[in-house]
Amino acid sequence: MSLLIRNANIANADSSQLADIFIEKGVIQAVGVHLSTSAERVIEATGKVVIPGAVDVHTHMNIDMGFCQSCDDFYSGTVAAAFGGTTAIVDHMGFGPAGCSLMHQLEVYHQWASAQAVIDYGFHGTIQHVDEQILNEMPEMIAKGVSSFKLYLTYGYKLSDYDALRALKRLGSLGAITCVHPENDDVIRLNKEQLQRSEMMHLPIAHALSRPAECETEAITRMLNLAKLADEAPLYIVHLSNGLGLDYLRLARQKQRHVYVETCPQYLFLSDERYRQPNIEDGLCHILSPPLREKHHQAQLWQGLQDGSIDTVATDHCAFTRAQKRLGLGDINRCPNGLPGVETRLPLMFSEGVSQGRITINKLVELLCTRPAQLFGLTNKGAIKPGFDADIVIIDPSTSETIQANMEHSKAGFTPYAGMECNGFPEYTIARGEVIVEGGELHAQAGRGRYIARSLAKL
Ligand code: URP
Ligand code: ZN
Ligand code: ZN
């Protein structure tokens, strides 16, 4: 099927132009003014904003937290993504059985995603322990398209500094990128003991009090130094939530070449006031790690987006229903961590970022499309240029909607952004040349999405 998008206000990360886009065989064949090519379908885009399909490099579909499973699988999660203008995800695979190989989870995730995903997908490897077998398996994972790996400094399978250093060295030598969840586990433990003694562990605010900005920042600076010691292994800090950590990252980026930073909409739009709501259940619905911060961090993170200290905005979409969140009633330790967000990232960033004049449309494309694709080796995605996959989002900036839980496609049943007015919802989401969302309707089957064997990034 061929498709012509006429009179598009195209925004790439590096330029804008008014032009037509000709698509055939799922690929952008030509971009130019008044293309004379005919096509089976023509979409008139006068007055619309046309950007590359957004790439979300931090999701957790179907993740098994041991005591409960996130409510969005690769079907509902990628449907929600498509409605929000995201045409590719890179999912962080969850932990497998203790001692399992890296390949174990890859096989499990392939089975889930191949049957369910409606958009293209890749996977980050998850390093839950380090031994010779794991280190030896890394090249095979990379050969299978897993060119990045995440390690955790807290939760059940946290790595010691010794093992984090071993993983960094090995991955760096192979040219792969190490993503890290940076929080100091001992700080959390000690703070929780104190909060327990004060009989506060039933209050959602205790979650934020147990994991202050310094707890995250200490782990960030430790990883910066370990990455440097690991012969400057490429390091990607996921879900940065605070301005202090950003200050250290800025400093490191002046001296260290291979340090990359991601933040998420929840840290740009929401604050720890959400944990102080009178209804405890509402507070539980906002529990994620790192936690929501005091409001002043938001301005610091926006500054980081503007001055280029932050590379990407991803979602960390990890959705649970209110019923699942209620597991934390009485003891917040039992509340599953994570928020839905894959459907609202682009509309929020368009509306609050571009329309409010905080960032340009080109910056938005850089943060949500181009840079994530480059950093994670999705070489055919993230730009509207000939030869790239025809992943395209068409936005009518003159229409706005108020975000409501009942318009969301996630199974969470709630959204932390309810009530926010947004003018960046896609009118069309096009994925490899197929119109998969149009006028609020889905035109894609489960299993339509393809696995992206990712390359090593050229950093
Ligand atoms: O609370 C969160 N962020 N849950 C998802 C897992 C993670 O740490 O990224
Ligand atoms: Zn994390
Ligand atoms: Zn995550």
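The values are calculated or read from the model by the stated rules, or taken from the named source; none is laboratory data. Being a predicted model, the structure only gives us computed values, none of them experimental. Cβ coordinates were reconstructed from backbone atoms using ideal geometry, including for glycine residues, and neighbour counts include every protein chain displayed. For the accessible areas, the whole protein counts, side chains as well, though only heavy atoms, and no ligand, DNA or RNA atoms are used. Shrake-Rupley method; radii C 1.70, N 1.55, O 1.52, S 1.80 Å.
Things worth noting here:
- Angle between the chain longest axis and helix 74-83 axis [Cα atoms, degrees, rounded to 10]: 50
- Counting only protein heavy atoms and a probe of 1.4 Å, the accessible surface of the stretch 113-157 is 51% carbon and sulfur.
- Remark: the chain projects, on average over all directions, an area of 19.6 nm² (convex hull of Cα atoms).
- Taking all protein chains as shown and a probe of 1.4 angstrom, Asp331 keeps an accessible surface of around 40 Å².
- Over the stretch 1-140, relative contact order from alpha-carbon pairs under 8 Å, at least 6 apart, %: 19
- Those residues of the stretch 141-165 whose amide nitrogen sits under 18 Å from the label point placed on Asn225, 7 Å along Cα→Cβ: 153-154, 159-165
- One quarter of the convex hull surface built on the alpha carbon atoms of the stretch 374-459 amounts to 7.7 nm², the projected area averaged over directions.
- Neighbourhood charge, 12 Å Cβ-Cβ cut-off, centred on Thr46 and excluding it, Lys, Arg +1 and Asp, Glu -1: -1
- Contour excess over end-to-end distance, with Cα ends at Ala418 and Asp131 and 0.36 nm allotted per residue: 98.8 nm
- For Ile5, the shell of other residues with beta-carbons less than 12 Å away shows a net charge of 0, using +1 for Lys and Arg and -1 for Asp and Glu.
- For the chain: relative contact order, % (alpha-carbon pairs under 8 angstrom, 6 or more apart): 23
- The stretch 40-157: C-alpha gyration tensor shape, a/c 1.5 cut-off, then a/b vs b/c: prolate
- The calculated FRET efficiency for the pair Arg358 and Met1, based on their C-beta separation and a Förster distance of 30 Å, comes to about 0.20.
- Remark: the Cα gyration tensor places the stretch 174-298 in the prolate category, a/c being 1.5 or greater and a/b exceeding b/c.
- Within-10-Å neighbourhood charge of Met103 [Cβ basis; K, R +1; D, E -1]: -2
- When Ile280, Ile220 are compared by accessible area at a 1.4 angstrom probe, the order from most to least is Ile280, Ile220.
- Contact order normalised by residue count of the stretch 86-149, Cα under 8 Å, 6+ apart, percent: 41
- Expressed as a whole percent, the accessible surface of the stretch 341-393 that belongs to carbon and sulfur atoms is 44, based on a 1.4 Å probe.
- Of the residues Met349, Met103, Met420, the one with the largest accessible area comes first in the ranking Met420, Met103, Met349, computed with a 1.4 Å probe on protein heavy atoms.
- Volume per residue that the Cα convex hull of the stretch 154-248 spans, once the total is divided by residue count, Å³: 94
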